[in-house]
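Q: Submitted below is the structure of interest, expressed as structure tokens.
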Amino acid sequence: MPDQSPDSRLRAAGLRVTKPRVAIIQVLDSAGVEHEHLTAAQVAERTRTLLGRGLSVQAVYDCLDALSATGVLRRIEPAGHPMLYEARVGDNHHHLVCRACGRTADVDCTTGDAPCLSPSQRSGFVVDEAEITFWGTCPDCAKQAGDRPGPSTHSSTRGA
């Protein structure tokens, strides 16, 4: 969970402090304690519960867009799965995604500094980040399928 209060993070990002924004940050901070990555629908449901009142889906998306665009939150987009949100920002971590259920887990970068990979050709780009997604099967799905967790049997490599 980040050290700064939601109000401080919003102000540092140049955003107005509003009840929905504060509540969304609180929801994602709490999810981070349990290592959860939430969809917009999950954020909306938990935020409504926290606020004790209705909040439109559009308002939630607007808040999530503003918060992720300014770096207050992080949005990840695993291929074939809904966008996910997390409050863990400011470090160079990556994600493990289960092909079967979509469970997503953080994994620290072994290199530490961004970008942790360099492209073979830059084509004039100034590279400042490499977003890496590791794909496989989570322990629960592997157990359910009668497999054991281990190296992927897929020969393709995917990056996010």
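The values are calculated or read from the model by the stated rules, or taken from the named source; none is laboratory data. Note that the structure is a prediction, hence the values are computed from the model and not measured. Here the Cβ positions follow ideal geometry from the backbone for every residue, glycine too, while neighbour counts run over all protein chains shown. Heavy atoms of the whole protein, side chains included, go into the accessibility calculation; ligands, DNA and RNA do not. Shrake-Rupley method; radii C 1.70, N 1.55, O 1.52, S 1.80 Å.
Q: Of all residues in the stretch 3-16 being assigned to a loop (DSSP other than H, G, I, E, B), farther than 14 Å from Leu64 by Cα and in contact with a helix residue (DSSP H, G or I) (Cβ under 9 Å, 6 or more places away or on another chain), which is most open to solvent (accessible area, probe 1.4 Å)?
A: Of all residues in the stretch 3-16, those assigned to a loop (DSSP other than H, G, I, E, B) come to 3-5, 13-16.
Those left that are additionally farther than 14 Å from Leu64 by Cα: 3-5, 14.
Then drop every residue that is not in contact with a helix residue (DSSP H, G or I) (Cβ under 9 Å, 6 or more places away or on another chain), which leaves 4-5.
Details: Gln4: 102, Ser5: 52 Å².
If we take residues in the stretch 3-16 being assigned to a loop (DSSP other than H, G, I, E, B), farther than 14 Å from Leu64 by Cα and in contact with a helix residue (DSSP H, G or I) (Cβ under 9 Å, 6 or more places away or on another chain), then Gln4 is most open to solvent (accessible area, probe 1.4 Å).
Q: Could you list, in sequence order, all residues of the stretch 40-52 that are among the β-branched types (Val, Ile, Thr) and open to solvent by 80 Å² or more (accessible area, probe 1.4 Å)?
A: Thr49
Q: Quickly run through the stretch 12-33 and pick out the residues that are out of contact with any strand residue (DSSP E or B) (no Cβ under 7 Å at 6 or more places or on another chain) and farther than 17 Å from Asp62 by Cα. Talk me through it step by step, then tell me what you get.
A: Filtering the stretch 12-33 for residues out of contact with any strand residue (DSSP E or B) (no Cβ under 7 Å at 6 or more places or on another chain) gives 12-27, 29-30, 33.
Once the filter is applied, which keeps residues that are out of contact with any strand residue (DSSP E or B) (no Cβ under 7 Å at 6 or more places or on another chain) and farther than 17 Å from Asp62 by Cα, the stretch 12-33 yields Ala12, Asp29, Ser30, Val33.
Q: May I ask you to list pairs of residues, at least six apart or on different chains, whose Cβ atoms are under 9 Å apart, with the first in the stretch 72-99 being free of Cβ contacts under 8 Å to residues at least 12 places away in the same chain and the second being aromatic (Phe, Trp, Tyr)?
A: Once the first residue is free of Cβ contacts under 8 Å to residues at least 12 places away in the same chain and sits in the stretch 72-99, its partners that are aromatic (Phe, Trp, Tyr) give Arg75/Tyr85.
Q: What do you reckon, is Leu55 at pLDDT 95 or above and either closer than 30 Å to Leu117 by Cβ or open to solvent by 10 Å² or more (accessible area, probe 1.4 Å) (or both)?
A: no
Q: Moving on. Wholly within the stretch 60-129, which strands (runs of 3 or more DSSP E) include no fewer than the required count, namely at least 1 residues that are open to solvent by 60 Å² or more (accessible area, probe 1.4 Å) and either among the aliphatic types (A, V, I, L, M) or modelled with pLDDT under 90 (or both)?
A: Working: elements: 74-76, 84-86, 93-98, 104-108.
The strands (runs of 3 or more DSSP E) meeting that bar are 93-98, 104-108.
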